[in-house]
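Remarks on the structure that follows.
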Amino acid sequence: MAESRLLPLLAAAALLGAALLLTWRRRRRPGAAATWTPAGRLAAIHLYPLKSGAGQRCQRVRVTRLGVRRGAVLDRCLAVVYQGRVVSASARRRLVLVAADVDANGVTLTAPGMPPLTVPFPQDGDDVSMVSGTLFGYPSSGVDLGPVVSRWLAEFFGDAGVYTLMYFLPGVVTPRRTVDIPKPYASLASPDDISAFTNVTPISVICTSSLDALNSRMETPVFLENFRHNLIIEGAPAFDDDNWSFVKIGDAVLRRIKPVQRCPTTCVNPQTGERSERMEPLKTLRTFRLAKTEDEKKLYKEAPLFGTGLGVDVEGDVAVGDAIYVLRK
């Protein structure tokens, strides 16, 4: 009897959720009559197969709801887990030196002082072992790629730690839902924003002029790679992305979710794996890029804001040189 009363309630809840999602989409997404304005061009595309690992420059990628993809390679489709947490370069600086070359069959890892290691991905019908790790306050899971790569990572880091490399295997691993992340700014996302192993949003963007503005204040310049963005825009004023609500590149339409709050990972030199003793560029960013509105101060506190996190409303192919069009707030 209790079950018979519960079923209508569950059905009503599902209908309400669908209605709320439809309302959200109609309220937030641009209509056919929207006037897009030029905002520069796509100067570079960076893809990071391994979270906090070395990046790859691409000429053309597919913008998908899960993130940037080039063939079989999905951005942040691999992550290292240690003691129940996903490892970032804040905790293991030398992780930025590990390159992951991914294809449909597996991944080849390379790093200074280490022999290359090729690890196969599970194929259809294979038994898989799962591993989970907390990422940005939210538990995430992936396929455990086995003990051989665990030993390789322990040798690279030079300790006796037990490391696991987990892989986002489509159809097996559940994507991260931005709205489920236990952070107050998760409410800025769409209910269907998803990603593999990125912190919050599936895609991020930065203007080259913003980096120029930062470096003009610093004794030692830093690189775009310090910030690990996917889409690099030139031709727009510094910090112009603060004012964008939607971005159109080719057929892809992306939606601004939030500014990107910066963490100590940005202080790790992507070429050497060494951390800035002065904690730059965070120190300089805090002098002019803290939140300004009361709402953002509550969300981001003392973390400086640099770049923009995006969700994907319309998937599409994009290439270096493509024009950028935006809708402004």
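The values are calculated or read from the model by the stated rules, or taken from the named source; none is laboratory data. Predicted model only: the values in this text are computed from it and were never measured. Glycine also receives a Cβ, built like all others from the backbone with ideal geometry; neighbour counts cover every protein chain displayed. Accessible surface areas use protein heavy atoms only, side chains included; no ligands, DNA or RNA. Shrake-Rupley method; radii C 1.70, N 1.55, O 1.52, S 1.80 Å.
The residue that is nearest to Glu296 (Cα to Cα), counting only those in the range 167-187 that are under 16 Å from the mean Cα position of the chain (by Cα) and not in a loop (DSSP other than H, G, I, E, B), is Tyr185. Among the residues of this structure, Ser204 does not count as one that is under 28 Å from Pro237 (Cα atoms), outside any loop (DSSP other than H, G, I, E, B), open to solvent by less than 20 Å² (accessible area, probe 1.4 Å) and touching a Phe, Trp or Tyr at 6+ places or on another chain (Cβ under 7 Å).
For Ala238, are the conditions met, namely being without any contact (Cβ under 8 Å) to a residue 40 or more places away in the chain and either closer than 22 Å to Tyr185 by Cβ or not polar (S, T, N, Q) (or both)? Taking the combined requirement at face value, the residue satisfies it. Among the residues of the range 126-133, are any touching a residue at least 24 places away in the same chain (Cβ under 8 Å) and touching a Lys or Arg at 6+ places or on another chain (Cβ under 8 Å)? Yes: one or more hits.
Is it the case, given these coordinates, that Val200 is under 27 Å from Ser90 (Cα atoms) and free of Cβ contacts under 8 Å to residues at least 60 places away in the same chain? Against the criterion (under 27 Å from Ser90 (Cα atoms) and free of Cβ contacts under 8 Å to residues at least 60 places away in the same chain), Val200 does not qualify. For Val222, the conditions (1) open to solvent by less than 10 Å² (accessible area, probe 1.4 Å); (2) part of a loop (DSSP other than H, G, I, E, B) all hold with the exception of (1). Check the range 85-100 and report whether any residue there is among the hydrophobic types (A, V, I, L, M, F, W, C) and at pLDDT below 95. Yes, the range 85-100 contains a residue that is among the hydrophobic types (A, V, I, L, M, F, W, C) and at pLDDT below 95. Among the residues of the range 100-116, those identified as touching a residue at least 24 places away in the same chain (Cβ under 8 Å) and farther than 17 Å from Cys77 by Cβ are Ala111, Gly113, Met114. Report the residue count in the range 275-299 for those that are under 29 Å from Gln56 (Cα atoms), open to solvent by 10 Å² or more (accessible area, probe 1.4 Å) and not charged (D, E, K, R). Residues that pass the stated criteria total 3.
For the range 56-80: of the residues being open to solvent by 50 Å² or more (accessible area, probe 1.4 Å) and not basic (Lys, Arg), which is farthest from Ser141 (Cα to Cα)? Full working, then the answer.
In the first step, residues of the range 56-80 are kept if they are open to solvent by 50 Å² or more (accessible area, probe 1.4 Å); the result is 57, 59-60, 62, 65, 69-71.
Still in the running and not basic (Lys, Arg): 59, 71.
Values: Gln59: 30, Gly71: 23 Å.
Top of the filtered list is Gln59.
If the condition is being over 23 Å from Ala89 (Cβ atoms), assigned to a loop (DSSP other than H, G, I, E, B) and open to solvent by 20 Å² or more (accessible area, probe 1.4 Å), then the range 115-145 contributes Pro122, Gln123, Asp124, Gly125, Asp126, Asp127, Val128, Ser129. For residues in the range 146-183 being out of contact with any Asp or Glu (no Cβ under 9 Å at 6 or more places or on another chain), of a type in the set (A, V, I, L, M, F, W, C) and within 16 Å of Gln83 (Cβ to Cβ), which is surrounded by the most Cβ atoms within 10 Å (Cβ to Cβ)? Applying the filter and picking the extreme gives Leu153.
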